[in-house]
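*Asks:* Dumping the structure here so I can ask a few things about it.
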Amino acid sequence: RADIVVLVIDAVEGVTEQDAKIAGIAHDRGKGIIIAVNKWDAIEKDDKTIYRFTEKVRNILSFMTYAEIVFISAVTGQRLNKLFDTIDMVIQNQSLRISTGVVNEIVVEATALQQPPADKGKRLKIFYTTQVGVKPPTFVTFVNNKELMHFSYLRYLENKLREAFGFRGTSIKIIVRQKKQGD
């Protein structure tokens, strides 16, 4: 029922199977996600420790590259303020509303850079995209033929929206609808 999930990972243990399961549930439900790596004070560090640990987390939880990662210590209080600042930032991103005109500018630009997929001589045509909700930001894209929308192109459009508006820490939902004749 939460809008934002703070997934606390033990820095000594790393990402467990249970952590990955919980992360998957939060992702599937469109929650804002922050990964708090706790007990960071207990880790022996060099100049690449954060980079290596972040890479390991991103590899295991590769389905949610948008998640924010914060390294904290509950015992020492290290970086707890940053955790709360990150929560505020994710709340803002989850509640972000973008006008249809601006969204369509990004989609038109994206389709100009990489043509939509085609199958058997028919090419996907995107008529327009509009934001229909927040928490998570949800967009509806109207197309000529829903079957032509490949998941990789959907991911491409999601990445272009992220590039333009950030959406750090939150998932994005894109619903594809086929425009009926005469609409």
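The values are calculated or read from the model by the stated rules, or taken from the named source; none is laboratory data. These numbers come from a predicted model, not from an experiment. Cβ atoms come from the backbone with ideal geometry, glycine included; neighbour counts cover every protein chain shown. Note: accessible area is taken over every heavy atom of the protein model, side chains too, but ligands, DNA and RNA are not part of it. Shrake-Rupley method; radii C 1.70, N 1.55, O 1.52, S 1.80 Å.
*Asks:* Using a 1.4 angstrom probe and counting only protein chains, how large is the accessible area of Lys135 in Å², to 10?
*Replies:* Here the residue's solvent-accessible area equals roughly 100 Å².
*Asks:* Just how large is the dipole of segment 33-183 about the Cα centre, in debye to the nearest 20, putting +1 at every Lys and Arg Cβ and -1 at every Asp and Glu Cβ? Please report the intermediate quantities before stating the final value.
*Replies:* Details: 23 positive and 15 negative charges, 124 e Å.
The dipole magnitude comes to about 600 debye.
*Asks:* Given Cα pairs under 8 Å that are at least 6 residues apart, what percent is the relative contact order of segment 1-84? Don't skip to the answer; put the middle values down first.
*Replies:* Numbers: 105 pairs, mean separation 26.9, N = 84.
Worked out over segment 1-84, it gives 32 percent.
*Asks:* Moving on to the next point. Accessible area of Asp46, 1.4 Å probe, to the nearest 10 Å²?
*Replies:* Near enough 80 Å² of accessible area.
*Asks:* Using amide H atoms built 1.01 Å from N in the peptide plane, name the residues 5+ places from Val15, or on other chains, whose amide H lies under 5 Å from its own.
*Replies:* Placed amide hydrogens put nothing under 5 Å from Val15.
*Asks:* Follow-up. Over the chain, what relative contact order in percent results from Cα pairs under 8 Å that are six or more residues apart? Could you put the intermediate results ahead of the total?
*Replies:* Details: 290 pairs, mean separation 40.9, N = 183.
RCO, the chain: 22 percent.
*Asks:* In addition: When all protein chains stay in place, what accessible area (Å², nearest 10, 1.4 Å probe) is found for Val12?
*Replies:* Spelled out: Val12, probe radius 1.4 Å, area about 100 Å².
*Asks:* Would any residue of segment 132-159 have its amide N under 16 Å from a label point 7 Å out along Cα→Cβ of Arg97? List them or say none.
*Replies:* 132-140
*Asks:* A further question follows. Kindly rank 91-98, 67-74 from highest to lowest mean number of other beta carbons found within 10 Å of each residue.
*Replies:* 67-74, 91-98
*Asks:* Hey, another quick one. Given H placed 1.01 Å from N in the peptide plane, which residues other than close sequence neighbours of Val8 have an amide H under 5 Å from its amide H?
*Replies:* Residues meeting the amide H criterion: Ala36.
*Asks:* Using a 1.4 Å probe, what is the accessible area per residue for segment 1-100, in Å²? It would help to have the intermediate numbers written out before the result.
*Replies:* Working: 5920 Å² over 100 residues.
Here the per-residue accessible area is 59 Å².
*Asks:* Give me the percent of accessible area attributable to carbon and sulfur for the chain, probe 1.4 angstrom. Please report the intermediate quantities before stating the final value.
*Replies:* Values: 5430 of 10830 Å².
Here it works out to 50 percent.
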